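Below you'll find the structure, written out as structure tokens, and then a few comments.
Every read-out reported here was derived from the displayed coordinates using simple, explicitly stated rules and does not represent laboratory data. These figures come from a predicted structure and were not determined experimentally. Neighbour counts run over all protein chains shown; Cβ positions are idealised from the backbone, glycine included.
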């Protein structure tokens, strides 16, 4: 009997091995030190960008709790239902290209032909240059602030650019999709007129998926082409890596002089390890979550077995100061953040430390709001300027920002500009 | 009141959008946006890595150091650390064009030593040795009084690759890995790497032409449009011209030889890197196809690499011309291409430069070296007839120049001192007639190349209406195979 059992077991193992499917190879873009992509999820905050990516200690808007959950201790009510944010990168090169402006005008006037669209797409992709870059980012979200609780749902689609060669032929685009659910809580542990101390924590459930690189020429070739081919490329023909992480943020804010001066410290993206799997296509990823939801139809497709891996995204330690004196009509705010302090501390001990490195971590900004309706903003992000404006009505908010940020391996290497426009419906007042 | 306020704001936004669409306002806006990109704290990219890499190059200052694989490995490691940083790459590349620290005799000794190593390799790997030998020969053609840091790096890396390939303890994987490393560095150091055919193609012009043709209900022409070739390769030719001319825009022989040497080194490194894909026999087409289709577990080659390899292969044709032919090439370049570029006369460039330069580069070594060959006999007779000179005088003039050049005489000396007025007249006639003659006698080979070039270019311009780069890959494979076929037939 024992022998029979052993033989059966051996046969079972052999059969299992025999029918084991081919595994979908893992595709990673986070390991190459020269070209690593940043997969940390961060909702796009137009106001934050306009103020030089500073404002950790500024608790006044509904989206503040995404960066510092202690902001919720101020309580109040706010709702954003929904918000749509679009960010386009490398705009300056297009504006300085007279031909691109011509094409843009043709598109606006409805006179553009397929060649014009292809030309514009080629220009956009060529402008990415070598190394890493971003083509565009689209965020949609819902957010609710209920007293000291905050809830948020975000979906972000980001198109990374990666070029390890020298020409347009080597330009690759890597679409990334993030779906995140955030729950946050902020409380005041000390609450006096002279001093307040708030703490907060937020947890994000994030599902991330990114495609294997798609050649720029393939994307351009899709313009005005076969829609079925585009659909198959997105659903079945391009391998996808998908997985989840449950990172959390904690924040502390010290309010002085009736919260005129706030000083904050946050630790963001703690536990930012994504548990990923490889899939043969987006359709397979969807089917792994909900079986048989998608079928390739007559399109030839082979579903391979998944392989697990992990992507580690770094946590950051940040400090912020916000000065918001009460000035009627103008409502000025000045902010300054020291971001990614862990990296700074690491550098201080090394021989390569330069005092100017301190500036690499300093972001600062200012905001002036006319009756809290029309707001203008400006800031400096590691030495790069940014500007912005916002229109805040009771039922609708529009925020726009334009600025530069570093995309290279070090400051000064590859500054890239971006324009962000956020439109949201809902109530969002100080 | 609130509605009015919103309307006013929206109108202002709309007005801003509309005005920003005009060319003038777009230019002003673009200028402002560009200024915002300057770091207000004046922080520049940290170039210490590129400086460290350049210092490594400076330490290679003797024959021994050039032949030190340890020095080469350290150099590779340091240089690879700057890949991905545009500013460091640019700074390092600029530094590599500066004069080298090595003495000419040390450089010569190192190259001689490489030649000896190749002799050893011949017994074990004759095919590979042949490729190395050709590259090392091109090192000897460099003007050793004007060596650059890039020259030193190239010789050092080729030595390192040669050592790896010839080592009994090495594996094919190690050789391929070394070849990839060598390539990665050569792409940063050499002037040849500045060629970027795909990005230099004026895609916008082609798109405009396409849109215009569509508007006029004309078929979009690609492969067989004569303007396509010019449109595509004009900028690349201009870059080549810059690489082989001096500050005054005149042909510069040492720079020309460096360009040629770099092309050879890059071609060699590619062929070693792709060696696992060379199936039984030499099947470059399948090899490249495998690389382009992503079946490249042991190589990092991409389509960019394929284009660079094609450029290097084409440039290596220059190996087929003798010193005497270089004289003709120099005269020819100065009189046609440079003039055409200087005048920005694209029609001239098309008619004289593109077609004829290809012709010049196809000069057959055997025929150009041997003055008793049919080509020369015919040419000398024609020159004699046209100039009213005795054939013997023409032959002696050309023979004198040839001997002078073969013995290391400089071109400027010939032009300024050696030639009499009559001889200069004869040479001028020879230049013109040689080119005319070559255009016809070697026409078949050239035509086949030109056809492939035209297909290649045509497909590049058509990629945006086709699916992917499959067609371009096929065309390029055909192109490279044609080159290979011609090279094989010569050897």
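What's the average, rounded to a whole number, of partner chain beta-carbon atoms within 10 Å of each residue's beta-carbon in B:255-262?
Per-residue shielding by partner chains comes out at 0.
Could I have the simple spin-label model distance between residue A:309 and residue B:400, label points 7 Å from Cα toward Cβ, reported in nm to one decimal?
Each label point lies 7 Å from its Cα, and together they span 7.1 nm.
How big is the shadow of the Cα convex hull of segment A:358-430, averaged over all directions, in nm²?
5.3 nm²
Got the relative contact order for segment B:47-189 handy, in percent, Cα pairs under 8 Å and 6 or more residues apart?
33 percent
What is the spin-label model distance, in nm, from residue B:40 to residue A:84 if the labels are put 7 Å beyond Cα along the C-beta direction?
About 3.3 nm separates the two model spin labels.
First measure r as the distance between the Cβ atoms of residue A:136 and residue B:104, then evaluate 1/(1 + (r/R0)^6) with R0 = 45 Å and state the FRET efficiency to the nearest 0.05.
Efficiency for this residue pair is about 0.25.
Hey, in the GNM for chain A with a 10 angstrom Cα cutoff, which one of A:415, A:300, A:69 fluctuates hardest?
Per the Cα network of chain A with a 10 Å cutoff, A:300 tops the list.
Taking the number of other C-beta atoms within 10 Å as the exposure measure, put A:22, A:113, B:95 in order starting with the fewest.
A:22, A:113, B:95
What FRET efficiency comes out for residue B:116 versus residue B:173 if R0 is 45 angstrom and r is the Cβ-Cβ distance? Round to the nearest 0.05.
For residue B:116 and residue B:173, the calculated efficiency is 0.95.
Helix A:2-19 versus the longest principal axis of chain A: what is the Cα-based angle in degrees, 0 to 90, to the nearest 10?
70 degrees
In degrees between 0 and 90, to the nearest 10, how far off the longest principal axis of chain A does helix A:114-126 point, with axes built from Cα atoms?
Approximately 70 degrees, to the nearest ten.
Take the alpha carbon gyration tensor of segment B:47-189, find the square roots of its eigenvalues, order them as a ≥ b ≥ c, and report rounded if a/c is under 1.5; if not, report prolate when a/b exceeds b/c, else oblate.
It comes out oblate by the Cα gyration axes.
Going by how many other Cβ atoms sit within 10 Å of their own, how do B:259, B:139 line up, fewest first?
Least crowded to most crowded, the residues run B:259, B:139.
Would you mind giving the three semi-axes, in whole Å and largest first, of the ellipsoid equivalent to chain A according to its Cα gyration tensor? Intermediate values should be presented prior to the final figure.
Values: eigenvalues 321, 173, 94 Å².
Semi-axes (√(5λ), whole Å): 40, 29, 22.
Between segment A:356-421 and segment A:148-201, what's the alpha-carbon centroid distance in Å?
Rounded to whole Å, the Cα centres lie 16 Å apart.
Taking the Cα atoms only, what angle lies between the long axis of helix A:98-108 and the longest principal axis of chain A, rounded to 10 degrees?
Tilt relative to chain A: about 80 degrees.
With springs only between Cα atoms under 10 Å apart, run a GNM on chain A and tell me which of A:391, A:162, A:359 wobbles the most.
For chain A, modelled as a Gaussian network with Cα springs under 10 Å, the answer is A:359.
Residue A:302 to residue B:77: FRET efficiency via 1/(1 + (r/R0)^6), r the Cβ-Cβ distance, R0 45 Å, to the nearest 0.05? Intermediate results must be reported in sequence, preceding the final value.
Values: r = 40 Å, r/R0 = 0.90.
So the FRET efficiency works out to roughly 0.65.
Sort B:150, B:167, B:145, B:193 so the one with the fewest other Cβ atoms within 10 Å of its own Cβ comes first. Can you show the working numbers first?
Details: B:150 25, B:167 12, B:145 8, B:193 19.
Starting with the residue having the fewest Cβ neighbours, the order is B:145, B:167, B:193, B:150.
Using a 7 Å offset from the Cα along the Cα-to-Cβ direction at both residue B:425 and residue B:145, what is the distance between the two label points in nm, to one decimal?
3.3 nm
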